[in-house]
Amino acid sequence: MKLTKSQLKFLRAWLLFHHSGFTFGHWFRLNWKVLLIIAVLLVCSAFVAAAIPLVGGICFGFYLGTASRDITYFRIARRRWPVVLDVVNWERVQQLVDANDKSVTTK
């Protein structure tokens, strides 16, 4: 099965979680770029709020809500992780990753 780059990244992350646990640190390392963008926009909207309170307040609330949504997604995924561990065929996941890694290196 030919996987896309995004699918391969997703399966590698799941293998990482499978071998070393589903922790906030691992999740943060996988999503740091998006979280950094949200943090920068949150700080910028705080500065805008000082100049234009209504617009800045709306932007600040939007980005704060986005950050809290992402953290909530992590918390929900962590609660569901024990079920995922039992349901997923980890040997098949490893086979898919290995097969696609070999096809990438042979090109």
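Values in this text are rule-based calculations from the coordinates and carry no lab data. Please read these numbers as outputs of a predicted model, since none were measured by experiment. Note that we place each Cβ from the backbone using ideal geometry, even for glycine, and neighbour counts take in every protein chain shown.
Structure notes:
- Estimated dipole of segment 5-105 in Debye, rounded to 20 [Cβ of Lys and Arg +1, of Asp and Glu -1, Cα centre]: 20
- Positive-pole candidate from 96, 17, 48, dipole of the chain, charges at beta carbon: 96
- Theoretical gain in end-to-end length, residue 72 to residue 39 [0.36 nm per residue, Cα-Cα removed]: 10.3 nm
- Using only Cα coordinates, the Kirkwood hydrodynamic radius of segment 23-107 works out to 16.0 Å.
- Listed by number, the DSSP H helices of the chain that run 15 Å or longer by alpha-carbon position along their axis and have mean Kyte hydropathy of at least -0.5 are 5-20, 24-51, 53-87.
- Distance between segment 1-30 and segment 53-107 - C-alpha centres, whole angstrom: 8
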